[in-house]
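The values are calculated or read from the model by the stated rules, or taken from the named source; none is laboratory data. The structure displayed is predicted, hence computed values, not measured ones. No Cβ is skipped: glycine too gets one built from the backbone with ideal geometry, and neighbour counts run over all protein chains shown. These area figures cover heavy atoms from the full protein model, side chains too; ligands, DNA and RNA do not enter into them. Shrake-Rupley method; radii C 1.70, N 1.55, O 1.52, S 1.80 Å.
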Amino acid sequence: MSDQSTSIDDLLYHEEEPPARDKPRRGGLVSWLTALLIAAAGTAVLVFGLRMLGLAVPVVAVFAGCLALVLLRRILRSVTPPPPIRLRRVGADPEDGSYVFTSQDGLLEAVRRWEHQLRGAQHDATRFTETVLPLLGELADERLRQRHGLTRASDPDRARVILGEHLWDFLDTRTRRKPSVKDCAMFVGQLERI
């Protein structure tokens, strides 16, 4: 067997097909005739409107202006970027292996969700206990898992030693009072040191 090496870039490389055009391109003569007819129609409407207002304008000048606008519009349409390609989910099941690419940043969305939950619990002790405290517990478990290979549920004695008595009591007991800003700063500092 021959030894072939394939890089990850080769496996993930994908050429995108150009987007299909809505209208086929017309020939040059037909395109110019269409532009002239549109400019002539615009000229007729403008000259009629101006004459009704009592203004006399040279027809050639109005035609040249209309033709310039029609040509400018065509040029601008030819240089506009194509619409963005939107990838859509193929199946309805999130476990089907399909990916959804959106313009939203997942990290930014998570931070906004945390901000919303923290703002809501800022003045309400029960909401703090119900929403923020479990999230802080998950954060502590994740730090313990990453750094020490355990969680509070898998090895409570060792987790208690690593977290410290004060942080352990804060996360373990569902207090009815919201901690002070100083206490929160201390708990966050302890979580960062894990």
### Task
Compare the peptides 72-83, 152-163 by average per-residue count of other Cβ atoms within 10 angstrom and give them in order, highest first.
152-163, 72-83
### Query
Cα centroid distance between the range 40-85 and the range 121-194, in Å?
69 Å
### Task
Can you send over the solvent-accessible area of H148, 1.4 Å probe, protein chains only, in Å² to the nearest 10?
70 Å²
